[in-house]
1. Only counting other Cβ atoms within 10 Å, I'd like His154, His201 sorted with the fewest neighbours first.
2. Between Asp45 and Ala303, how high is the FRET efficiency from 1/(1 + (r/R0)^6) when r is the Cβ-Cβ distance and R₀ = 56 Å? Nearest 0.05.
3. May I ask you to compute the full-extension gain from Val207 to Ser323, defined as 0.36 nm times their residue separation minus their alpha-carbon distance, rounded to one decimal in nm?
4. So which lysines can Lys162 reach, going by Cα to Cα under 19 Å and dropping same-chain residues fewer than 8 places off?
5. If we count other beta carbons within 10 Å of each Cβ, what is the order of Asp347, Asp91, fewest first?
6. Modelled label-to-label distance, Thr148 and Phe83, 7 Å Cα→beta-carbon offset: nm?
7. Apply 1/(1 + (r/R0)^6) to the Cβ-Cβ distance of Val102 and Ser161, taking R0 = 41 Å, and write down the FRET efficiency to the nearest 0.05.
8. Roughly how far apart, in whole Å, are the Cα centres of the stretch 325-341 and the stretch 121-145?
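Derivation of every value follows stated rules applied to the coordinates shown; laboratory data play no part. For clarity, every value in this text was computed on a predicted model and none was experimentally measured. So basically every Cβ, Gly included, is an ideal-geometry build from the backbone, and we count neighbours across all protein chains shown.
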Amino acid sequence: MKFINATGTLGLVALAALASPLALADESGWYGGANVGRSAATIDDARIDAGLLSGGFTSSAIVDDDRSTGYKVFGGYQLNKNFAIEGGYFDLGKFGYTATTVPAGTLNGTIKLRGLNLDLVGIVPFTEKFSAFGRVGLNYAQARDSFTGTGAVHVTNPNPSKYGTNYKFGVGLQYAFTDALAMRAEAERYRVDDAVGNKGHIDLVSVGLIYRFGGKTQSPAPYVAAPALVPVPEVIVAAPPPPPPPPARFEKFTLSATELFAFDSAELRMPQPKLDEIATALGSNSDVNNVVITGYTDRIGSAKYNQKLSERRALSVKNYLTSKGIDANRLKAEGKGEANPVVVCTDKKRPALIKCLEPNRRVEVENITIERRVQ
C-alpha cells in the first residue's frame, strides 16, 4: 500500500505528579506491562497520485485517515538500575485513504500493522521515583493491505500482506508509585514495510502501567522502644558552715533512632514516639547543644544517589524535632550515604538482600547527653 513515509514530531507526555520517594535503587528483576495511545502516519499522497497516473487515472481529491489507536503488551528483565531488555507484542492500528479519480471512480486503501519487538532500554534516574528512558531495537511486523475500487477503478490484488523486520526507537518518562507499580509515558517510532514494496514510519505516543514482580510493598517498621530516662535525685548537704562540695559526678544518657523510614524513603513513618521522647529530653535540657543527626543508607543504588537519600533522612529527623519546638541551631543534620555499614551481606536474591541490609539503613542521633550534677 503506497501510503507510508511518516514524518511528524515524536511527542512526550509529561507526568506532573509528586509523591513520596521511590525505589529507583531497586536494580534487577522481571516486570510486565501494557501501553495504549495514539498512533500516526503521514500518508504519501504524491505516491498515490503517481500510482493512479501510471494506471491512466488522475485524482481530483484524496482524503486521508492517518490517525488510529495503538497498543502494546510487553515483558522485560531489568539488568541493573540503568539497563533492561524488553520484548512484546504491538498493534499500531489501521490507516487508510480514499482517492476520487478521473475517469470517474474511487480507490480505497487501508493498512493494518502488528507484530513483535525486542528492545534494549537505557534508564536515567532523575529523583527517587522519577526517571527517563530511551529504547532501541528491532520489530517484526505484518502489514495487511486492503484495496477496493469503484466506477472506472479496478483492483487486481485486493488483499496483499507482507512480513518484515526493521528498527524501532523511542523515549519516555516513568514514575513509580511503589517498588511494584509504576506508570510510563513514551513516544516511539516504528520503521515498517507495507505490502506493496514501500517503507515508512509509524509513530506511537502512549501511556501505560508496569508491574514489577517481587517488588517490595511498604510496611510499617517494627517499633523499638526508647531507653527510659532514669532520674538522679539531687542530694543537698546543709551544714553551717557547709563543707566544700564533693567532686561532681555525672550520668549520661545517649538516645539513638533506627528504622524510622520505609525502604528507600526519606518520609518519616507516623507516629514517632522515640523522636517525641528525644524532643522532650531536649526541651527539658536547654544546655544540650551540638546534637548531630546522621543518616545512613545501604549499598543498593549509586553512591551519589544514596548520599542524597541519607542527607534527606537526617533532615527529616531534624525537621521533626524542630516542629516539636527544638531550636534548629541546636541540631546539625548530615548524611554519610553507604559509609559505616553495620552488616555485610552477600545474598544474591533481591528480597533477601534488602532484608539483610536493613540494619545499615538508619539515622543516628548522637551527643544527646543529659548531665545531672550531684552535690
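1. His154, His201
2. FRET efficiency, Asp45 to Ala303: 0.50.
3. 37.8 nm
4. Lys2, Lys94, Lys112, Lys199
5. If I rank by nearby Cβ atoms, fewest first, I get Asp347, Asp91.
6. For Thr148 paired with Phe83, the spin-label model returns 5.1 nm.
7. Rounded to the nearest 0.05, the efficiency is 0.85.
8. If we compute the Cα centre of each part, the gap is 40 Å.
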